[in-house]
């Protein structure tokens, strides 16, 4: 029986003549999906008779490659793939640039746009508090060192909020695709080990 850590490329090279038993090739393809080895999968799908017609393999491969042409089609898969296609189709990418611009207008608004409401409230609260402390240090006679410290601290948090919103937008996309890929990997792993 295959181990989860086995290399998909190794199994691909073992059966590169594609004359092996169909069940062996299917096991090797499952390993390639578990390993998320898209180069081996591309070779399998291009060279093995019948595999390019397998809708589950093709869909899984397209999702691993982040194909933007996947639609919520009328093709009926099993429950797992129906849910996967729905999630993939309904996922809305968010622009890091938009998140950064919104956060520069109102601190935390970019995070709210991304769907992180708790972080949005925290960013807004921290920036309001630091803004009030900064305003007080400017309006009330205090040492220049304290005023400089307040300006620096407020600026760092304000710019950090903008930068953080842009980074969070990218992380959100990366986490979504990683989770989808992990779900596909687990699906084929359980096909190997029913």
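Every number here is computed from the coordinates shown, using simple stated rules; none is lab data. What you see is a predicted model; the values in this text were computed from it and never measured. Using ideal geometry, Cβ is built from the backbone for each residue, glycine included, and neighbour counts are taken over all protein chains shown.
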Taking neighbour Cβ counts within 10 Å as the exposure measure, how do 155, 123 sort from fewest upward?
-> 155, 123
Exposure proxy check: 175, 37 ranked by fewest other beta carbons within 10 Å?
-> 175, 37
On each of the three principal axes of the Cα atoms of region 113-154, give max minus min coordinate, whole Å, ordered largest first.
-> 41, 15, 11
